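One structure below.
The values are calculated or read from the model by the stated rules, or taken from the named source; none is laboratory data. If you're wondering where the values come from, they're calculated on a predicted model, not measured in any experiment. With ideal geometry, Cβ positions are generated from the backbone for all residues, glycine too; neighbour counts draw on all protein chains shown. Calculation scope for accessible area: heavy atoms of the full protein, side chains included, ligands and nucleic acids excluded. Shrake-Rupley method; radii C 1.70, N 1.55, O 1.52, S 1.80 Å.
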Amino acid sequence: MRIDKYFKLSRIIKRRTEAKKACDSQSVFINDRIAKAGDSIKPQDRIRINFRNKILVIEVLEIPSGNVSISRSSELYRVIREEIIPFD
């Protein structure tokens, strides 16, 4: 599955266009490699996302085959690290 679509289905990033922008700005890494929006992911991949005010590192647990309910979306990944970046 494409990483931008995975972000949308897992609700890590709510819109696919925003996920694409994050990838285009080199803020997303798959297994320590800069990701493009069309890159495929698989279970056990580690994804790091550099947001404006935090860094989120997750492990992919499951790739959904279709739409995912809101209550089940957080079961698709496991948070490994979440680091808040303070503003100066």
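For the reader, a short list of remarks on this structure follows.
- Gain in span if fully extended, Leu61 to Ser40, counting 0.36 nm per residue against the direct Cα distance: 6.1 nm
- For the chain: relative contact order, % (alpha-carbon pairs under 8 angstrom, 6 or more apart): 25 percent
- Net charge dipole size for the chain [Lys, Arg +1 and Asp, Glu -1 on Cβ; Debye, nearest 20]: 320 debye
- Of the trypsin sites (Lys or Arg not before Pro) found in the stretch 29-88, the ones in coil according to DSSP and having at most 13 other Cβ atoms within 10 Å of their Cβ are Arg52.
- The chain: equivalent-ellipsoid semi-axes (sqrt of 5 x gyration tensor eigenvalues, Cα, Å): 19, 14, 13
- Taking other residues whose beta carbon is less than 11 angstrom from the beta carbon of Glu83, and scoring Lys, Arg as +1 and Asp, Glu as -1, yields +2.
- Portion, in percent, of the accessible area of the chain that falls on carbon or sulfur, probe 1.4 Å: 47 percent
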